[in-house]
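Quick note: the coordinates plus some simple rules give every number you see, no bench work behind them. Only a predicted model underlies this, so the values are computations on that prediction, with no experimental measurement involved. Ideal geometry is used to build each Cβ from the backbone, glycine not excepted, and the neighbour counts take in all protein chains shown.
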Amino acid sequence: MSGEPLVVVLIGPGGVGKGTLARRLVERDGHLWLSRSWTTRAPRPHESDLDYAFVGREAFARAIDEGRFLEWAEFHGQLYGTPRPTPPAGHDVLLEIDVQGAEQVKRLVPDAVVVLVTAPDDSSLEARLRGRGDDEAHVRARLASAPAEIERGRRLADRVVVNDDPDRAAGEIVSILEGLRRARRTPAGG
Ligand code: 5GP
C-alpha cells in the first residue's frame, strides 16, 4: 500500500455492537490499525486500558489545549477524543466514534469513509445497552438519543451496514475496504 492511510470511521447508536465489529475488523484485515480513544467516563466492569485511555477532565482539557486530538466531542456528559493517529507504515486507520466526531473527521479528511452500523431491530439495541452495566437513567438517555444519532449518521455516512451478525457485517466491511483500496491504486480514468 502507498500514499496516505485510508481513514475508516465506524459510527452508530450505542448498543449496536460497533466495538465488537471494530475488533473483528482488525483481526480479519491485517492492514487496519484501530485507534484508541481517550474518555473522561469511568471504565465499565469488563473494560481495561485496551478499550480507552481513561483520563480525568483536567488531563483531557490539557490535551485539547496541546492540540493532541484529531477530533473530540461531548457525548451524554462525558468527553471522548481521538488522538492524532499514528498507524504503523502501510496501515489504514479505523476509528469507532460518535457522529459529531465523524462530522469533524469528514471535514478534516474528506476522503474518510464513514460506515453507519445499524441494528437489525430496536430490541437488540436495547438488550445490548442494558447488558453493559450502565445505570437505568443512562440506558434510557442513550435509547432516547439513538433515533436522532441514526438520522444524523445517515446524512453523513458513505455506507450503511446492518449488524445482524458480527462476522457477516465484518466481512461486508472488509469487502468495502478492499474495493476502496483497489480504487485508490487505480489512477482516475484508468
Ligand atoms: P461509550 O461510552 O459507550 O464507550 O461510547 C459512547 C459514544 O462515544 C459511542 O458512540 C462511541 O463510539 C463514542 N466514542 C468513542 N470514542 C470516541 C472518540 O474518540 N471521539 C468521539 N467523538 N466519540 C467517541
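For segment 7-183, what does the relative contact order come out to in percent, with C-alpha contacts under 8 Å and a separation of six or more?
33
Take every DSSP beta bridge with both residues inside segment 7-183 and express the antiparallel ones as a percent of the total, to the nearest 5.
Antiparallel bridges make up about 30 percent of those DSSP assigns within segment 7-183.
Rg/Rh for segment 95-190 to two decimals, with Rh computed the Kirkwood way over all alpha-carbon pairs.
1.04
Which whole-Hz couplings ³J(HN,Hα) result when phi for each residue of segment 113-122 is put into the Karplus expression 6.51 cos²θ - 1.76 cosθ + 1.60, θ = phi - 60°, listed in order with x for Gly and Pro?
9, 9, 10, 8, 9, 10, 8, x, 7, 5
For each of ASP98, ASP92, ASP167, ASP122, count neighbouring Cβ atoms within 10 Å of the residue's Cβ, then give the residues from fewest to most.
ASP167, ASP122, ASP92, ASP98
How many nm is it between the label spots at ASP51 and ARG68, if each spot is 7 Å from the Cα in line with the beta carbon?
2.1
Take the alpha-carbon positions of the chain, form their convex hull, and give its projected area averaged over all directions (one quarter of the hull surface) in nm².
11.2
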